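Enquirer: A single structure is presented below for examination.
Please treat every number below as a calculation from the coordinates, not as lab data. The structure displayed is predicted, hence computed values, not measured ones. Every residue, glycine among them, receives a Cβ derived from its backbone with ideal geometry; neighbour counts consider all protein chains shown.
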Amino acid sequence: MTTIARKLQDVRARIATACQLAGRGVEDVTLLAVSKTFGAADVRQAAEAGQRAFGENYVQEGVEKIAALADLRAALAWHCIGPLQSNKTRLVAEHFDWVHTVDRLKIAERLSAQRPEGLASLNVCIQVNIDGGASKSGVAPAEALALARAVAALPRLRLRGLMTIPEPAPDFGAARAVHASARALFEQLNAAGLGLDTLSMGMSADLEAAVAAGSTMVRVGSAIFGARG
């Protein structure tokens, strides 16, 4: 077993334990392996160990990996999870399956216009600055519903849910409380009729708290691929 395969096994065990403690089914939580700064060979190792969803923070790097792993394209789902500027929307629209970081209508409109008609709709999460971090991207929680409604109306996009990257919390309880506020917003949007199914929150350090609060997708990088240089 490769090191990546063993670490994947360990992370899946953490998710399973967190789900059990939260009274949730393990099938309710998707593991997104964050492969930024790691090469195509590392992604291939993870894929050989059964991992299917990969997250990339840097658009060009992600596009290059998607091309290098073209033989696996039909089996893998590629998620753009980094900040997205207007000059990179075409690459995302043409190559990725998901984008988690839409926080402006302009970005969503560009993705919609640039998504090739021959591809399935691009899955979209709206990034919410759930705890008001000064250095964090994301729409304010109070503005999320209006943005969600506008994005949901665009062609060639499929609004799936919300994504958050809160500031590191001092303990499990504090982390869970922040994630619970994102879950409450998610439920508020669904009560408004949006039909969301994805709550992308939780990373290597806080995935247990995120799962306890209702995350449906955890984004794990270092616990799978190791520390970044």
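Enquirer: Which residues, taken from the range 39-52, are within 18 Å of VAL11 (Cα to Cα) and either among the aromatic types (Phe, Trp, Tyr) or in a helix (DSSP H, G or I) (or both)? Lay out the reasoning, then the answer.
Expert: Here is the first cut: in the range 39-52, the ones within 18 Å of VAL11 (Cα to Cα) are 42-52.
Correct list: ASP42, VAL43, ARG44, GLN45, ALA46, ALA47, GLU48.
Enquirer: Limited to the range 105-122, what total is found for residues that are touching a residue at least 40 places away in the same chain (Cβ under 8 Å) and touching a strand residue (DSSP E or B) at 6+ places or on another chain (Cβ under 9 Å)?
Expert: 4
Enquirer: Next question. If you check ILE107, ILE4, which single one turns out to be in a helix (DSSP H, G or I), touching a Phe, Trp or Tyr at 6+ places or on another chain (Cβ under 9 Å) and surrounded by 14 or more Cβ atoms within 10 Å (Cβ to Cβ)?
Expert: Details: ILE107 fails: touching a Phe, Trp or Tyr at 6+ places or on another chain (Cβ under 9 Å).
Answer to the selection: ILE4.
Enquirer: Hey, can you tell me all the residues within the range 42-67 that are in contact (Cβ under 8 Å) with a residue 12 or more places away in the chain, farther than 18 Å from SER200 by Cβ, out of contact with any Phe, Trp or Tyr (no Cβ under 7 Å at 6 or more places or on another chain) and hydrophobic (A, V, I, L, M, F, W, C)?
Expert: The answer is ALA46, ALA47, ALA49, VAL63.
Enquirer: Still on this structure, please answer the following. Can GLU27 be described as among the charged types (D, E, K, R), without any contact (Cβ under 8 Å) to a residue 60 or more places away in the chain and under 26 Å from ASP197 (Cα atoms)?
Expert: Numbers: among the charged types (D, E, K, R): yes; without any contact (Cβ under 8 Å) to a residue 60 or more places away in the chain: yes; under 26 Å from ASP197 (Cα atoms): yes.
In short, yes.
Enquirer: Residues in the range 53-84 that are assigned to a loop (DSSP other than H, G, I, E, B), within 14 Å of GLY221 (Cα to Cα) and touching a strand residue (DSSP E or B) at 6+ places or on another chain (Cβ under 7 Å): how many?
Expert: Matching residues across the range 53-84 total 2.
Enquirer: Only residues that are touching a helix residue (DSSP H, G or I) at 6+ places or on another chain (Cβ under 6 Å), part of a strand (DSSP E or B) and either within 25 Å of ALA120 (Cα to Cα) or of a type in the set (Asp, Glu) (or both): list them for the range 139-195, please.
Expert: Answer for the range 139-195, where residues must be touching a helix residue (DSSP H, G or I) at 6+ places or on another chain (Cβ under 6 Å), part of a strand (DSSP E or B) and either within 25 Å of ALA120 (Cα to Cα) or of a type in the set (Asp, Glu) (or both): LEU157, LEU159, LEU162.
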